[in-house]
Amino acid sequence: MAVRPSPNQSTHYLPFWSQLHQGVITVEVCSSCNRSLPYGTFICQDHGIDKVESHTTATRGQLLTHTTIEKHHHPLLDLEAPYSIGVVKEDRFGALIYCRIEGEITDDGCSIALSTRDFGDGVTLVVATPLPESQTDTTT
Amino acid sequence: MALAAITSWELSKFERGASLPFFDMVVTSALQTIKKSKLTPRAIDGLITIQSNFAGPAFNVTLAEILGIHPSYSLDITNYGASPAVALWHAKMAIEAKLAKRILIVGGDLTYQEMRRQSQRRPPAIAILDEFELAYGSHMANSDYAMIAQLHKKLYGTTDEMRAKVVVDQRKSALQNERALFREPTGIDDVLNSRIVSSPLHLLECVATASGASSLLVTEISEAKEIATYGLVTIEGFGYYQGGFTLANTELIQNGLVSGVAQAARGALEMARVDISEVDIFGVYDCYPIAVMIALEDLGLVPKGEIGPWVLENDLTLAGQVPVNTSGGQLSNGQIGDAGGMVNLIEVVERLAKAQNFDEGRDFEVGVATSNGGPAMSCESVTVLKAMN
């Protein structure tokens, strides 16, 4: 029986996945320079590993780019098609987050709300929802 | 006179088990060595890893991603027990060749018992994608290049038709190549009418995987003169740049789509003392037409953002002023895994070599070949080749 692909959780990022399962999106940030580390990276290029801390991201951001997938070779992902995925720059640390997009995309560059969703089989992922223009000036 | 020296080193505690996960152990050792030389990871521009049974293929790419470094020289040495010595020699050569200034050599492994306990489901570099992209339903390279194409469209107005023109010209070149897997005459409408794989990419924009093999022989010049079938081709310049591996970690997504080809090209052209305007023929890694277009911009041939109209106005076949992928490239020949770029390299080598013996219809003296690694223009190289007249 097919199982929906789940993130291959590395030991280092287990806290991230645990938080995500609770509905909280976190990113690792170097407290020396306040820069976020790209997901998959363990250290700050300038300050090493000692000052790296986990912080909650903003719940808003900007869509940088996206693609829509009509068909997927995996049967369970194919059941979800068509769907869109994209990369969002969140507002607090400027972290780039790969995510599933839910809702109509009016424009690459549109403002989005970030949240999480349980996709079943214990898989919780980041979800981006495009915001109507009237809600795009709300601070995070 | 020596041009390189060892400045610091670190051995971690050796254990029968493992008190740290593999990559934490490796990163800790690497950081200690960097720190002992009073440097930060940002200063490291070269990385050589020693093959690891646990890390598997492309340990160097995985480790660079974890360290957050973007080396201009990067290798995984796979000479078994001789690997550390070979790694040291490569570091010396690379520094003497000015390919990098500070090269970190890293090795490590686990006992088989620990390896089973900490087992990865996929090779580590791919495991990073598994963790942060694939569960979202990404098609990996197809989706990443689709988002790159979408961004090029948004930033520079590059249309589907412009990308399709690259495919059309390469298929036209493939008509003259009996080895090509796809030799049908192809028009822009054929590309645009093929199904969308991952928007905005159409099926005919995606390279097809293929089975096959390829090889090249390089010898000393004196010997080469005696045994070469055609004219000699020399390797005059090389440049490499390894950016982020995942799409969300690549610089190009935030820098206006400037890929690592730009940095690699600067190094390679300078090393060869060649200006891009002197290049007669190009073999550009063509997993997708958008990759070709971005590479041509970043080689300095066309200003950033202007490749779309340029492609529509120029003929990329041998009949044009700037021949690109003249045997049809991978888009017509197929992609034989990680060796796919041999198609683009051999295209250039063959034209340069044969131009010295046969009438190619024009005089090819300088050629450039590029290659991409990873799902989002992550590992980029540029090679400058010259016909030895």
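The values are calculated or read from the model by the stated rules, or taken from the named source; none is laboratory data. Everything numeric in this text was worked out from a predicted model, so none of it was measured. All Cβ positions, glycine included, derive from the backbone under ideal geometry; neighbour counts span all protein chains shown. These accessible areas exclude ligands, DNA and RNA; they are computed on the full protein's heavy atoms, side chains included. Shrake-Rupley method; radii C 1.70, N 1.55, O 1.52, S 1.80 Å.
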Total charge dipole magnitude, the stretch A:51-140, about the Cα centre, Cβ charges on Lys, Arg, Asp, Glu only, Debye to nearest 20: 320
How large is the accessible surface per residue of the stretch B:141-388, computed with a 1.4 Å probe and reported in Å² as a whole number? 40
Taking the Cα centre of each part, how many Å lie between the stretch B:318-389 and the stretch B:1-80? 33
Mind checking the full-extension length gain between B:LEU217 and B:ALA43? Use 0.36 nm per residue of separation minus the Cα-Cα distance, one decimal, nm. 59.1 nm
Extreme residue, positive dipole direction of chain B, given options B:MET388, B:TRP9, B:GLY337 (C-beta unit charges): B:TRP9
Would you mind telling me the antiparallel percentage of the DSSP bridges in the protein assembly as shown, rounded to 5? 75
Counting only protein heavy atoms with a 1.4 Å probe and every protein chain in place, the carbon and sulfur fraction of the accessible surface of chain A in whole percent equals 47
Top mean-square fluctuation among A:ASP121, A:ASP91, A:ASP108, Gaussian network model of chain A, C-alpha springs under 10 Å? A:ASP121
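Let me spell out the model: positive unit charges on the Cβ of Lys and Arg, negative unit charges on the Cβ of Asp and Glu, origin at the Cα centre of the protein assembly as shown. What dipole size does that give, in debye rounded to 20?
Here the protein assembly as shown has a charge dipole of around 1420 debye.
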Set of the stretch B:300-321 residues, backbone N closer than 14 Å to the point 7 Å along the Cα-Cβ line of B:ILE188: B:308-316
Can you tell which of A:VAL126, A:PRO82, A:HIS47 lies farthest toward the positive end of the dipole of the stretch A:14-135, using +1 and -1 charges on the Cβ of basic and acidic side chains (Lys, Arg; Asp, Glu)? A:HIS47
Projected convex hull area of chain B, Cα atoms, direction-averaged, in nm², equals 20.6
Regression test value, accessible area per residue of chain A, probe 1.4 Å, units Å², expected 47
Please state the relative contact order of chain B as a whole percent: Cα pairs under 8 Å, 6+ residues apart? 18
Apportionment of accessible area to carbon and sulfur, the stretch B:28-128, percent (1.4 Å): 56
With the Cα gyration tensor of the protein assembly as shown giving a ≥ b ≥ c as the square roots of its eigenvalues, does the rule (a/c under 1.5 for rounded; else a/b larger than b/c for prolate; else oblate) give rounded, prolate or oblate? oblate
Ignoring ligands and nucleic acids, chains A and B bury, in total, an accessible area (1.4 Å probe) to the nearest 100 Å² of about 3900
For the stretch A:52-140, what class follows from the C-alpha gyration tensor (a ≥ b ≥ c being the square roots of its eigenvalues): rounded when a/c is under 1.5, otherwise prolate if a/b is larger than b/c, else oblate? oblate
With every protein chain in place, the accessible area of B:ARG195 for a 1.4 Å probe, in Å² rounded to the nearest 10, comes to 130
So, in Å, what gap is there between the alpha-carbon centers of the stretch B:193-258 and the stretch A:18-40? 34
Checking the cross-link filter: which lysines have an alpha carbon closer than 23 Å to that of B:LYS354, excluding same-chain neighbours under 8 positions apart? B:LYS172, B:LYS225, B:LYS386
